[in-house]
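Since every read-out is calculated from the coordinates, none of them should be taken as a lab result. Predicted model only: the values in this text are computed from it and were never measured. Here the Cβ positions follow ideal geometry from the backbone for every residue, glycine too, while neighbour counts run over all protein chains shown.
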């Protein structure tokens, strides 16, 4: 067995040192890391009592450079894993690296005045966001369950700390505690899943896992290891479901969203969710595409699990959101509902290899959702002065007229979240649902159409509570006076979000193209998926000639 | 043929953009801008658009090539502003197309539109919300240009709705007068009925063919292998779109809104309800000509609707006493002529009439506006008379307009109306020429399924088709006579004879300012000469060689657009040119004009007491006409009242069943469910962890349990 593994390793060129070109894979992550390190150095010399705005801007610029670097690396991607099969360097990873950087930058922009008003103007805050972004960048690039898990924790732990950053505020501390305990709990479960997978397949490399799992199916049924693998897959899946806040693993979200610092909630709800989706896509497609594990159409595999999760998230997220009084809590449940919508697309696009390209709808949705949600939380953060923060619907009374720009931004973000044209949210939902309908028509399976109908119905319910925000902002009297944080940062951030939301709704062409390119350049997919990709993209770059894995004899 | 400027003729975007800019500037800043600036901002875009259109026409001519049979083929210019959604079959481009058809319309819209804008600067000079008026007017032109320039049905439909909205806003411009506001509402609601049908037709077309692009559709409709697909839906789609067009173009049965629409400022009536918007229906049918000619039954319906509308509206116009209402019914009647032309397959004649009608009817409306302006908003012609000595220029230009619409030779109306009339006589459907049959797309299909009344041997004309066309011609001729009569009744009662206004008004009657007179003079000039591009063939045959081509300019210009409908379809004229019929039609229409004008002169100048005597004798007929055949009352009884009743019923249903039972019920259930689920959120971390574990166990159980058997 060792011989066999080694021969495969040879194929991956694992025994040769990484070539210079592979170092490119590190660039976005390295930039953010470098920014973080420089940040510490500068922060040491920070004069006490002066605002830290310049540090925030420095981080934003750093993240902007990281995002820009993905643009320049877009054509330098590699068709095989790098660093001994530890990382992928493809457009899919770059796409999400850019998304994470932008989301981090926007969240940081919203923060300086917010922190000052809470008397928590500390450099660690920005540092933690930066480090979390580093984790995200490596998480989507992970080609090995171990890289994945390490990156997963690098992403999560700063977020736990950030959730409790307002440590004088009891709710913030409570939120952090809950998030940490539950997060650690679910990470443990996930780790256990990884261990089981390792036990079943003898490897942690995603492609090897995918390869080896095929041999669990033997002529007379399934190998005993199959069940071990199945349990492992479900446990790993639960780790992702926890991060994307899908029912029933969403249970932490409302409490944590309500208590955490508002800009961080925007970051949590957008970037963390997007990255978790991306990593889940990578792991599930590369490692667990094996047909009887995948299931689909109630063949009882992970697709069916996600199918149920999608339905449950849409229904529960929307229903409970209706009854909330607290806007942040409402947005928490709405983010659960959005996880459900995205899962609809996820389930449809991955239920069969031939639908793989429909994943671009998910990418577009995540981009649209990111700007919408950061914009909404940005507006809340703008009205988030210590002791007089806008929390309930009543607090929003008349704010739309008093602060027209913020009202407009909130309106656009809510329209986008509700899926009303001409915002990005509408097109995103349209693409997600049409990909599910497409899958349904092509397979003749009604289940997806049922899921789409459920999705449309629940999003109609969603319109109620999204528009309620606007009703209060424009049609109800102000009950209390609020002094907004008079700072340029959140203004710039939310206006940028609103403009992008409208832009993506009216001119979606470029973003769709990028999503499509990112999906077409998805590396590591099994042969069935790869052939679908190749059909969509007949021009194969010359470095992609040698396949990553060659067929070999059974492992177990 | 490949278009020279394949998809990047940016001027098309500019044509559309200019009026939009004008509307935005005046709409946002107009209230604060000085009056002169408002005028310039309103008029300049029109002129610029007109110039850009001329550039477009130039480019169109430049890319024209001589194709088979000596036909000069120009193709089209197009420009895509942006592609909104592109994913699979769903695509909605905002793109424009300039071909000879849309170029003709755009030239009319921007050219006549410019003149009317200039006129408005005088007419609306005293109005405090002039900026609002100009903003709406520019917006209207923008929407109209979208309608005409659209490269697909979607853009056309956006424009279609846009002109509806602007028409509503402008009819109800003086919204403080509740009657005028109600007129705007009526126009809007009646149009909605048509729009609904139009949209439905569009959907059927889209779901059957998967495209709404005119170029793609016309390729489908003119290709032998794909046309059977369209033949099946030609009738339903055509009828639905026809209903939409009857709404917009005020034809039976949806014409009732146009007379009431005269409540708006008079230049609006001239621009929207005479020259441009109401011809949109004719334009759309011409644009989809390859669809309409697929089914002869459809064409016949269009022709009959047009002919009947023309006749009925003309009879109503005879007894109207409001200067603008006479013109409104005359517009409906002339639009009927255009529909008749379209219905008999004489598309060129229809567009020709759209053009000439735009000139002389705009002229008449503006002249009427000048009269109303001079008389201080008096519109009743019984209180006018003898105005020729007070407003000479208005009188002369109005007379030219009347002569043109009456169909007096050497004025534009004669040429276009004559072309329609003799087309009605000679374009007999189902006429079959062997060569055409052989060359055509799916003639077998036509003979067997679509067209049961078509003679399979196909040599002779079906007799009743001849009779129907003869009837169309006869009724058309009668309408022409009536037209001449009521127009000159209007002219004589307004400008000739004794002035019947009271002394106070008389003192103030004055000629209008230059800004109003100059457009009148320009339009009067155009009303005379516009016809010289479409001489009857029988006259052209006697012309010198060099003049023959310009004398038939309109036909050559539009030939390319209607090529398939005229050459490869069952409708239209085949074979040698029937000079005899043409001469007959000319004689008939000249005679009709002479009789009509003569009668009017006799009744209103020579023996002015006679009309009252006739009215006395024919009391019943008079009453019917005066009440417009009681159509409004009929609609009120059969459509409005039941709708109101239904509305009340729906309100009750909505209030108690939908709202009470369903919405509140659903809300209650959702909220209760939400409340119950909310209790899961206890805030207790250990319990949360338990939930997660339980969920995991449940999932694993569900996955593994089925395999245990």
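Worth pointing out:
- For chain A, the longest principal axis of the C-alpha atoms and the axis of helix A:488-506 are separated by about 50°.
- Euclidean distance between Cα centres, the stretch A:146-224 to the stretch B:310-381, Å: 79 Å
- Sorted from longest to shortest, the spans of the Cα atoms of the protein assembly as shown along the three principal axes equal 115, 73, 58 Å.
- For the segment B:684-693, counting C-beta atoms of other chains within 10 Å of every residue's C-beta and taking the mean gives 5.
- Cβ-derived FRET efficiency at R0 51 Å, residue B:618 paired with residue B:83, nearest 0.05: 0.25
- For the Cα trace of chain A, dividing Rg by the Kirkwood Rh returns an Rg/Rh value of 0.97.
- Rounded to the nearest 0.05, the FRET efficiency derived from the C-beta distance between residue B:543 and residue B:508 at R0 = 56 Å is 0.65.
- The angle between the Cα long axis of helix A:509-520 and the longest principal axis of the Cα atoms of chain A comes to about 30 degrees, rounded to the nearest 10.
- Helix-only mean residue ellipticity at 222 nm for chain B, each DSSP H run of n ≥ 4 adding -39500 (n - 2.57), per residue, nearest 500: -22000 deg cm²/dmol
- Computed extension length for residue B:577-residue B:389: 62.9 nm, one decimal, from 0.36 nm per residue of separation with the Cα-Cα distance subtracted.
- Chain B: relative contact order as a whole-number percent, Cα under 8 Å and 6+ apart: 12 percent
- Stokes-Einstein D in µm²/s, Kirkwood radius over Cα pairs - the stretch A:349-495 at 10 °C with 1.306 mPa s viscosity: 95 µm²/s
- Only helical runs count toward this figure. For chain A, summing -39,500 (n - 2.57) over DSSP H runs of n ≥ 4 and dividing by all residues gives -23000 deg cm²/dmol at 222 nm.
- Gyration tensor (alpha-carbon) shape descriptor, the stretch B:1-294, a/c threshold 1.5: oblate
- Our summary gives chain A a relative contact order of 17 percent, counting only alpha carbon pairs under 8 angstrom and 6 or more residues apart.
- Hydrodynamic radius by Kirkwood, which averages 1/r over all alpha carbon pairs of chain B, in angstrom: 27.4 Å
- Helix A:53-73 and the long axis of chain A differ in direction by around 30°, with both axes built from C-alpha atoms.
- Extension gain, residue B:606-residue B:185: 0.36 nm per intervening residue step, less the Cα-Cα distance, totals 147.3 nm.
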